[in-house]
Amino acid sequence: MSLEKRVEATAKNIEGKVQEALGNITGDPQAQAEGQAKQVEASSIHVVENVKDQVKKIID
């Protein structure tokens, strides 16, 4: 499960970077903001998964 979440988060991060870059190129601030938001969301998913891994290591 954790690997699936990490892959989804990485894909969302890439999508966000592309969207932000397109927003920069076209001068669309909404696209820039949406791209940045996707990157933040992806980052938070990675943090949650890292915490889960650490808790699991402590329990095991």
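The values are calculated or read from the model by the stated rules, or taken from the named source; none is laboratory data. Bear in mind the structure is a predicted one, so any value in this text is a computation, not a measurement. For neighbour counting, all protein chains shown are included, and Cβ atoms are generated from backbone atoms with ideal geometry for every residue, glycine included. SASA here: full protein model, heavy atoms, side chains in, ligands and nucleic acids out. Shrake-Rupley method; radii C 1.70, N 1.55, O 1.52, S 1.80 Å.
Using protein chains only and a probe of 1.4 angstrom, how many square angstrom of Ile25 are accessible, to the nearest 10?
140
Nearest 20 debye, what's the magnitude of the dipole of the chain about its Cα centre given +1 on Lys and Arg Cβ and -1 on Asp and Glu Cβ?
Approximately 220 debye in magnitude.
Which translational diffusion coefficient, to the nearest whole µm²/s, is obtained for the chain from the Stokes-Einstein equation, given a Kirkwood hydrodynamic radius over C-alpha pairs, 37 °C and 0.692 mPa s?
Translational D for this selection: 268 µm²/s.
What 222 nm value per residue comes from the helices of the chain, counting each DSSP H run with n ≥ 4 as -39,500 (n - 2.57) and dividing by all residues, nearest 500 deg cm²/dmol?
Helix contribution divided over all residues of the chain: -33500 deg cm²/dmol.
When the Karplus curve 6.51 cos²θ - 1.76 cosθ + 1.60 is applied with θ = phi - 60°, which whole-Hz ³J(HN,Hα) does each residue of the stretch 49-60 get, with x for Gly and Pro?
5, 5, 5, 4, 4, 5, 4, 4, 5, 5, 5, 6
Would you mind telling me the share, in percent, of accessible area of the chain contributed by carbon and sulfur at probe 1.4 angstrom?
61
So, for the chain, what is the accessible surface per residue at a probe of 1.4 Å, expressed in square angstrom?
The answer is 74 Å² per residue.
Sequence neighbours fewer than 8 away in the same chain don't count; with that in mind, list the lysines whose C-alpha is under 22 Å from Lys12.
Within the straight-line cut-off, Lys12 pairs with Lys38, Lys52.
With r defined as the distance between the Cβ atoms of Lys57 and Lys17 and R0 fixed at 30 Å, what FRET efficiency is calculated, to the nearest 0.05?
Result of the calculation: an efficiency of 0.50.
Summing +1 for each Lys or Arg and -1 for each Asp or Glu, what net charge is found among the other residues whose Cβ lies under 13 Å from the Cβ of Val40?
Once positives and negatives cancel, what remains is -1.
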